[in-house]
Amino acid sequence: MAPDSQSIDGLIQQITTSNNLEALAHTLRTPGASGRDVREFILASSLSSGQDPLSVLDIRNNTLGVMYILSARLHMYFNAQSGVQRPLWATVVQFCDNFDPEQARLAPERMIMLAKSLTRYASDQGNLKLAIPLLYSLATRLPITPSTLTPIHPILLLTALQTRHTTPEICILLVEHPIDDLFMFTSAYSEDNLSYNDNLFYHYLGGIILTKMGNYAAALDYFETALTAPSTHNSPPAGLQLEALKKLRLVQCIALGGPQALPKYTSPVLMRIFKASPYQNLINAFPGSPHPKDRGEGSSSGNNRLRLLVNKDRELYLSECNLGLVDLLVAEAPKWIIKRLTETYVTLGLAEVGRYIGIDDEQQVRALVLNMIESRTILATISDSGIVTFHDAPGTVDIMSVPILLEAIQRQSAHLAQLDMDTGRSKDFISKAIKTSGISGTYPFSMLLSRD
């Protein structure tokens, strides 16, 4: 007699005795005549003996069954208010750390369901940070490679930003494992499948985290990916893409000294909206902008204009959560002015440098220049009399590589000499050369082909 799949006792028997995981996944996924809600309630219930079904299952060997029961119990607990007993937090942690990825991939929608419940459970515990290591484990162990995007990835980054708790593991994931593949669902349920918004959201949030880390190069890559994320059915660009464009432009100025060329597939609609916003005026006033009239080339007026623009639209930047970046942009502007002075001048007095960057206090200017020297942003020295001397970057020669380079040059020279000799011995080449140059041919071939 086949086990009863309409009771938790029957399901547990199938989970513990089945030797066909795909068939088991189909059984657990198929609600039968009772309907999906009833199936979820059955999965969340206790055994007829009153025993917790999780206590008779092994997490590693019965990952598929444990995943269905945990996700159903948490979902019912937080959404149905049906008196379902909530699983112990320790049980959830143990599952996230020890589940079998291959079994979990047979029902990825249940893993997504579990991930969404984890944040609610952690909040219910009074500490949302508790969910971060568990979400990280699900996001990196469910796919075959950590560079594969799943719907859990944006949940992980959002939780990290909400709690202001970005772990080193998340930083490593963003920097060393950029997304190069998408997790494809094979189950009948598609409502939890990877969406366009998951890709957009993950890269936008990743760009914010990397910016906070100070890893601007990686942050720019993430913002560009979000900016050019392909939409579906020719739909207009998303509002989040406009926010990505704003942050992209600000970070470009901070890290690279001015706005850079936008990616090829940037939406013209987004570019038009951005150009009509206060952000465009702000970028134009930055010292590295290609608009000299807006930035006040050659004087401190550009830096002063930058401050005026920030003060004018400060409330807007604050409401859009960009004020921190905008203030950093203003703080970095004098450094980029000084960097450009090194391209024109060999020496300048501190007072003259101050006039360029709009700072009257020579001690403040001295502190800024010393900071740039210490961080190796510029190569310069400051004399006791307050004269700044800019230096060119010294050439770097690896002494160990000189013999290798010389040997390579000698080999190339010998090879060229041999080619030259072989060419000189070619009668066809000499004949063509004589005809081309118009030589009468009075010289005997024996002379032209003579060896040294």
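Quick notes on this one:
- Stokes-Einstein diffusion for region 1-156, with the hydrodynamic radius set to the Kirkwood value over Cα pairs and evaluated at 10 °C in a medium of 1.306 mPa s, equals 101 µm²/s.
- Each residue of region 195-209 was assigned a 3J(HN,Hα) from its phi angle through the Karplus curve 6.51 cos²θ - 1.76 cosθ + 1.60 (θ = phi - 60°); the sequence is 10, 4, 5, 4, 5, 5, 5, 4, 6, 5, 5, x, x, 5, 4 Hz, with glycine and proline shown as x.
- Of the residues I144, I132, ranked by 1.4 Å probe accessible area with the largest first, the sequence reads I144, I132.
- The label point for N197 and the one for D37, both projected 7 Å from the Cα toward the Cβ, are 2.4 nm apart.
- Per-residue surface analysis assigns Y216 an accessible area of about 60 Å², computed on protein heavy atoms at 1.4 Å probe radius.
- Projecting label points 7 angstrom from Cα along Cα→Cβ for K264 and A393 puts them 2.9 nm apart.
- Here region 25-182 exposes an accessible surface that is 50 percent carbon and sulfur, computed with a 1.4 Å probe and the other protein chains kept in place.
- Once the chain from M213 to N127 is taken as fully extended at 0.36 nm per residue, the excess over their C-alpha distance is 28.7 nm.
- Surface per residue (accessible, 1.4 Å probe) for region 116-267, Å²: 44
- Length gained when the stretch A276-S46 is fully extended (0.36 nm per residue, less Cα-Cα span): 76.7 nm
- Cut-off under 5 Å, modelled amide H: who pairs with A380 long-range: H391
- Accessible area in square angstrom per residue, region 330-397, 1.4 angstrom probe: 59
- Accessible-area rank, largest first, for I152, I59, I409: I409, I59, I152, with all protein chains present and a 1.4 angstrom probe.
- Rh (Kirkwood; distinct C-alpha pairs) - region 301-408, Å: 16.3
- Rounded D (µm²/s) - region 80-186, Kirkwood Rh over Cα pairs, Stokes-Einstein at 10 °C, 1.306 mPa s: 111
- Rounded to the nearest whole Hz, the Karplus-based 3J(HN,Hα) values (6.51 cos²θ - 1.76 cosθ + 1.60, θ = phi - 60°) of region 64-70 follow the sequence 4, x, 4, 4, 5, 5, 4, with x at glycine and proline.
- With 0.36 nm allotted per residue and the present C-alpha distance subtracted, the K339-E176 stretch has 55.6 nm of extension available.
- Mean Cβ neighbour count within 10 Å, used as a protection proxy, ranking 104-117, 269-282 highest first: 104-117, 269-282
- Region 1-75, relative contact order in percent, only Cα pairs under 8 angstrom and at least six apart counted: 33
- J(HN,Hα) series, region 134-141, from Karplus relation 6.51 cos²θ - 1.76 cosθ + 1.60, nearest Hz, glycine and proline x: 6, 5, 4, 4, 5, 5, 9, 9
- Spin-label pair D384/I404, simplified geometry with 7 Å Cα→Cβ offset, distance in nm: 4.7
- Note on surface exposure: V251, V330 rank V330, V251 by accessible area, highest first, 1.4 Å probe.
- Heavy-atom accessible area for T228, with the other protein chains in place and a 1.4 Å probe, reaches approximately 40 Å².
- Here F78 and L370 are evaluated by their C-beta separation; at R0 = 41 Å the FRET efficiency comes out at 0.15.
The values are calculated or read from the model by the stated rules, or taken from the named source; none is laboratory data. Owing to the predicted nature of the structure, the values given are computational and were not obtained by experimental measurement. Glycine also receives a Cβ, built like all others from the backbone with ideal geometry; neighbour counts cover every protein chain displayed. The area values use the complete protein model at the heavy-atom level, side chains included, leaving out ligands, DNA and RNA. Shrake-Rupley method; radii C 1.70, N 1.55, O 1.52, S 1.80 Å.
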